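Shown next, in structure tokens, is the structure this report addresses.
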Amino acid sequence: MKKQILSLAIVSTLSLGAIASPIYTNHANAESISNLEKQKQEALNKRSGLNSEIEEKKSQITEIQSKQDTVRNEISALDKSVTDTENRIAEKNAQIDQTTAEIKQLEVEIAELIERIEKRNELLKEKARSMQESGGTVSYMDVLLGAQSFSDFIDRVNAVTTIVQADKGILEQHQKDKDDLEKKQEEVKTKLANLQSMKRDLEDLKVQLKGKIARQKELMKELEHEEHKMHGEINDIAEQQKILASQAAAIEKAIALEKKRQAEIAAERERQAKLARERAAAAAKQKNSGSSASTSTATVAEVSAPPVSNGMFMWPARGYVSSNTGSRWGAYHFGIDIASGGTVPIVAAADGVVSQSYTSSSYGEVIFITHSIDGQIYTTVYAHMRSGSRQVGNGAVVSKGQRIGTMGSTGQSTGQHLHFELHKGPWTADKRNYVNPIPYLR
Ligand SMILES: [Zn+2]
């Protein structure tokens, strides 16, 4: 397996060399190298920019957390108010119970008093009746007229008056007691009404407080969601940094490959020149050099002939395009989806260096390949590969048509397909270098 990868690496070195057109000059090569260096620098700059983005997000999180503290304090203050209000309601309930009991007690007392008054009235009526039967007022007169002396008469008058006054006094006292009780009952009823109105106010307050708590909790939920989102964004940026870092390494490797290729081209040119000189010398000696020429042509073809399709990129998998680049479900689809059933091999669309081979939460099992073609960096992305099917790791050199994995449906995917992206330049999270791959695929 290792040996095979090594030999593929050699093949790819040769085929990377094969991409250059034969009329490639040294000047153009130097330019392409400096262009590549520029692109690598761009990837590194982008990476340091991400660091300050992470710092900014972290300070935003701190801000969100302090907002959460404020809301939390407000909620606990409101909770305390609710408890206070509930205690006051309980207090009012106790007072209402007590007052209701008082009213009931007064009602009992009033009923008893009324009964006593009625009994007394009955008694007085009885007395009056018995007096009338035995002579009534006449009896009183008899009592008075039967006086033996004036002082006896005064005594008798006083006695009669006392009896009448006593009866009257009792009646009046009864009436007063009854009035007092009724007045007290009236007062207690007013008190009860006040208590009930206070209780209603407290219950209203409690409802208001609960409403405030619900709103604060809603706000808290929003803040927590925001914080969670922010952490997710930091993770995304960290993932981008990882991709950009390994991308820079891959670009460096591609540059090294291109330099090696140029050295090989120069050596080959030197060899051809030497051969031509030898041929010229041989031709000068014998006037026949046909067979020698055909041998040299075969040697050149072996070095420079492209072993793959004519296009800059080949199709990375068999299948049909189930989704094109463009707006889809309210978002822009950066990529094309190639779908097919069965075990579908995924191949490198061109020679290159694997800049990233890993499992992403969104892309699933994914491979990024950096290509250096005519002094231009391209990046291809192969996403949602079958679990465990990735055949190449970070830094691997791959050749066009080399199998790198199997079509799958890992990550944020619905159904088996290959999500394929092409970037003219390094991959970036904002995908500003993205190009529609269709015109490039041949
Ligand atoms: Zn897609």
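At q = 0.09, 0.20 Å⁻¹, what base-10 log of I(q)/I(0) does the Debye formula yield for the range 308-442 when every alpha carbon is treated as an equal point scatterer in vacuo? After summing over all Cα pairs, the log10 values are -0.22, -1.21. Put the Cα centre of the range 149-201 next to the Cα centre of the range 204-263 and the gap is 86 Å. Annotation: extensible slack from Leu275 through Leu145 equals 28.7 nm (criterion: 0.36 nm per residue apart, minus Cα-Cα distance).
Segment Thr359..Ser48, full-extension length gain: 109.6 nm, with 0.36 nm per residue of separation and the alpha-carbon distance subtracted. With R₀ fixed at 56 Å, the C-beta to C-beta distance from Lys127 to Glu91 puts the FRET efficiency at about 0.60. Over the range 380-442, the hull volume per residue, using the convex hull of the C-alpha atoms, is 119 Å³.
Modelled this way, with points 7 Å down the Cα-to-C-beta line, the labels at Ile103 and Ile154 are 5.7 nm from one another. Protein heavy-atom accessible surface, 1.4 Å probe, per residue over the range 138-260: 65 Å². Note on Lys80/Glu186: beta-carbon distance plugged into 1/(1 + (r/R0)^6) with R0 of 30 Å gives a FRET efficiency of 0.15. Cross-link check: pairs Lys104/Lys210; Lys125/Lys178; Lys80/Lys189; Lys80/Lys221; Lys46/Lys221; Lys260/Lys424 evaluated at a Cα-Cα cut-off of 25 Å; pairs beyond the cut-off: Lys104/Lys210; Lys80/Lys189; Lys46/Lys221.
The distance from the alpha carbon centre of the range 314-368 to that of the range 56-108 is 58 Å, rounded to a whole number.
For the pair Ala266 and Arg403 in one chain, pulling the backbone fully straight at 0.36 nm per residue adds 46.2 nm over the alpha carbon distance.
Here the simple spin-label model places points 7 Å from the Cα toward Cβ, and for Val321 and Arg442 these points are separated by 1.7 nm.
Between Ile346 and Ile404, Gly405, Thr406, Met407, the built amide H atoms are under 5 Å apart, and every one of these is 5 or more places off in sequence or on another chain. Label-to-label distance for Arg116 and Glu55 is 9.2 nm, based on points extended 7 Å past Cα in the beta-carbon direction. As a calculated quantity, the FRET efficiency between Ala238 and Lys259 at R0 = 22 Å, using C-beta atoms, amounts to about 0.10. Once C-alpha pairs closer than 8 Å and six or more residues apart are averaged by separation and normalised to the residue number of the range 308-442, the relative contact order reads 29 percent.
The values are calculated or read from the model by the stated rules, or taken from the named source; none is laboratory data. Owing to the predicted nature of the structure, the values given are computational and were not obtained by experimental measurement. No Cβ is skipped: glycine too gets one built from the backbone with ideal geometry, and neighbour counts run over all protein chains shown. Just the protein is used for accessible areas: all its heavy atoms, side chains included, with ligands, DNA and RNA removed. Shrake-Rupley method; radii C 1.70, N 1.55, O 1.52, S 1.80 Å.
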